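Scroll down for the structure; my scribbles are underneath it.
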Amino acid sequence: MKSFSIDLDNLDEKILKILSINGSISHRKIAKSLNKSPVTISKRIRELELKGVIKGYTVNIDYEKLGYELIAFIELTISKGRMLEIENNLSKNPHVFGVYDITGSYDAIIFARFKTRSELSELIKIINTYKYIVRTNTHIILNTIKNETSLNDLLENEKSEKIPITNQF
């Protein structure tokens, strides 16, 4: 997958900041807050969509309130060049919400969400039946401290060219 960086102007950044906070806000409200015409905002958003910067719109669901309290990440070692095949197959599982190639001792990592330990156990048993799985290592997330990235913080950090790390320990 080829990746490239798209230069954004100040207006594009402001639009993205607003949409990253509330993806369902109307173009008219964005225009009003930025003192621009709704036509300008709609055009800019359409261009960002065409460039693939805006990939879609979604809702932020609290899965725990729906009973999906168990999150696991499962590291995989995969043999014989079958990584993409295994990853694509696992990505179709409805419990799986993230599949990544990684560096280190393992080849891939998957993130999955479950209501019960037995659902997790079932997925791990299925994975271990795959012919090209050499090893798995499963971690269960106990508490989520942070599960988001702020576009505003990233852009501000980029402009200041410093990483906001404090040494208070």
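The values are calculated or read from the model by the stated rules, or taken from the named source; none is laboratory data. Values in this document were obtained by computation on a predicted structure and should not be read as measured data. In this analysis, Cβ positions are derived from the backbone assuming ideal geometry, glycine residues included, and neighbour counts consider all displayed protein chains.
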Identity of the residue in region 66-93, exposed (fewer than 11 other Cβ atoms within 10 Å of the Cβ) and of a type in the set (Lys, Arg), that ends up farthest from the chain's Cα centre (by Cα): Lys80
Is one or more of the residues making up region 74-81 of a type outside the set (Asp, Glu), free of Cβ contacts under 8 Å to residues at least 40 places away in the same chain and in the same structural domain as Lys125 (by TED's automatic domain parsing)? yes
Give the residues of region 98-157 that are surrounded by 11 or more Cβ atoms within 10 Å (Cβ to Cβ) and either part of a loop (DSSP other than H, G, I, E, B) or small (Gly, Ala, Ser) (or both), sorted by residue number. Gly98, Ile102, Tyr106, Asp107, Ala108, Ala112, Lys115, Thr116, Ser121, Tyr130, Tyr132, Ser150
Looking at region 48-65, is at least one residue under 30 Å from Arg117 (Cα atoms) and surrounded by 13 or more Cβ atoms within 10 Å (Cβ to Cβ)? yes
